[in-house]
1. Kirkwood hydrodynamic radius of the range 337-459 from all distinct Cα pairs, in Å?
2. Kindly provide log₁₀ I(q)/I(0) values, in the same order as q = 0.16 Å⁻¹, from the Debye equation applied to equal alpha-carbon scatterers of the range 1-95.
3. How big is the range 181-258 by Rg and Dmax over its Cα atoms, in Å?
4. Give the separation of the Cα centroids, the range 27-106 to the range 126-195, in Å.
5. Hey, which lysines would be in cross-link range of Lys394, C-alpha to C-alpha under 16 Å, not counting anything within fewer than 8 residues on its own chain?
6. Roughly how far apart, in whole Å, are the Cα centres of the range 263-327 and the range 357-389?
7. Show me the three semi-axes of the equivalent ellipsoid for the chain, from the C-alpha gyration tensor (sqrt of 5 times each eigenvalue), largest first, rounded to whole Å.
8. Any idea which of Pro290, Cys276, Gln199 is furthest toward the positive side of the dipole for the range 193-318, if Lys and Arg beta-carbons carry +1 and Asp and Glu beta-carbons -1?
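The values are calculated or read from the model by the stated rules, or taken from the named source; none is laboratory data. What you are looking at is a predicted structure, and each value in this text was computed from that prediction instead of being measured. Neighbour counts run over all protein chains shown; Cβ positions are idealised from the backbone, glycine included. Quick note on the areas: whole protein, heavy atoms, side chains included, nothing else; ligands and nucleic acids left out. Shrake-Rupley method; radii C 1.70, N 1.55, O 1.52, S 1.80 Å.
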Amino acid sequence: MSDPVTLDRARIAELTAREAARLDERTKGSGALYERARRTLAAGVASSYQMRDPWPIYLDRGRGAFVWDVDGNRMVDFHNGFGSMVQGHAHPAITKAVAARMEFGTHFAAPTEDGVVVAEELKRRWNLPKWRYVNSGSEATMDAIRIARARTGRDTIVKIFGSYHGHHDYVMVSIGVPYGKIGDRDNLASLPYGAGIPQSVVNMTVPVPFNDAEAMRRRIERLIAEGRPPACVIMEPAMMNLGIVLPEPGYLEAVREITHKHGIVLIFDEVKTGLCIAAGGATERFGVRPDMVTLAKALGAGLPMGAIGGTEEVFEVVENGSVYQVGTFNGNPLGVAAARANLFEVMTPEAYAHLDALNDHMVRGCQAVIDKYNLPGYAIGVAAKGCVTFSPIKVVDYESFKQYQDGEVADLAWLYNLNRGVFMTPGREEEWTLSVQHTVEDCDLFINAFEHLARDLTS
Ligand SMILES: Cc1ncc(COP(=O)(O)O)c(C=O)c1O
């Protein structure tokens, strides 16, 4: 195959202006709602990740594979609530379970049987014996880190540079950093992600590159020599916040060996991968068992719900009362009722077979477009998750992502999608999430929008 085409920057700018104007024209109702919203909601949104210039797209409803915005535009949903709605919208089994629970009371702050059944099923899927509930991915990673610290009596934590693990201080470190500030590979910089994070907390979080077990080994050995042995390594087993970066063969096994050797708790943050890439998440898919796992997003089937799983040894500090793993809404009856229906009636072996087949279709379809137009990029995916990475070479970590990803084309692709009935996650780091309610025709809409972009870019 010949070298990929060199994209014309002026053409990208021209197409971006055209598509942005088209989107503004189609979403005037969102524009009006934004003007109203910003008077009371800060920046007009509930979470800063929902902000967008010149205004966010306000949604009205969702059903099956579709969402409708307030202007009445119907779109196939590949955003799926930042990867939470792998069940699709208003799935009958979830709707029924939640409605039934509503009749019998929605909150007690006392455990219910559904919570026990869900824990038993999570134990089976992840092969980890003990579980607790939380209400979000951030709570899951925050509590998991505290448990790891208590278990080991150590303060320092190690994370992967560029990985997002939620919005609490421990992990809002070394994410979204410009290429020039990443630092030396053996001594990556600990930098706060946004204001308001104490420097003393930032200093306790030490980043290492993904897919480089030897760099992790060297950094951990240095930390031990400096008298700062890590309590845990927290990582996504497959990175899902740089598009998708899969672990290279042998990498996770090596991380397991290093952490085991130094008595470090290995936490797999499966907030994105869990339930989306296999019944037992990345832990099952890649066959490496961590000491702890964190889940959220797809677990609650649209309700705020998360879980932490772990070995008997790590959960000892919770069971003996030395760590307070607590929360008024932990194990909320609506959340565990939804999770129970989700695990037993929706995310079944057939559902995973369907997702695998659809993703295969998406990846092959997108790759065929890339090959036909000779674009610099590649398609990559696993079960419900996938993306096109606009980079001439394979991205393996944050550094290569920052160096090679063509952010302008990623932004343009988002506009092409929105204008062609494809609702996608905004942001250059995101990927598609398929749902069990998607069809091959829905996927073809995505592939066709992508082909339209490829044709316009190269014509
Ligand atoms: C890997 C990972 N961990 C944790 C979180 C935080 O989850 P939440 O937004 O539910 O707090 C996210 C959110 O995107 C995530 O992708």
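1. Result for the range 337-459, one decimal place: 15.3 Å.
2. With one equal scatterer per Cα and no solvent, log10 I(q)/I(0) is -0.84.
3. Looking at the range 181-258, its Cα Rg and Dmax stand at 13.3, 38 Å.
4. Taking the Cα centre of each part, the range 27-106 and the range 126-195 sit 28 Å apart.
5. Lys402
6. Computed from Cα coordinates, the inter-centre distance equals 30 Å.
7. 34, 28, 21
8. Gln199
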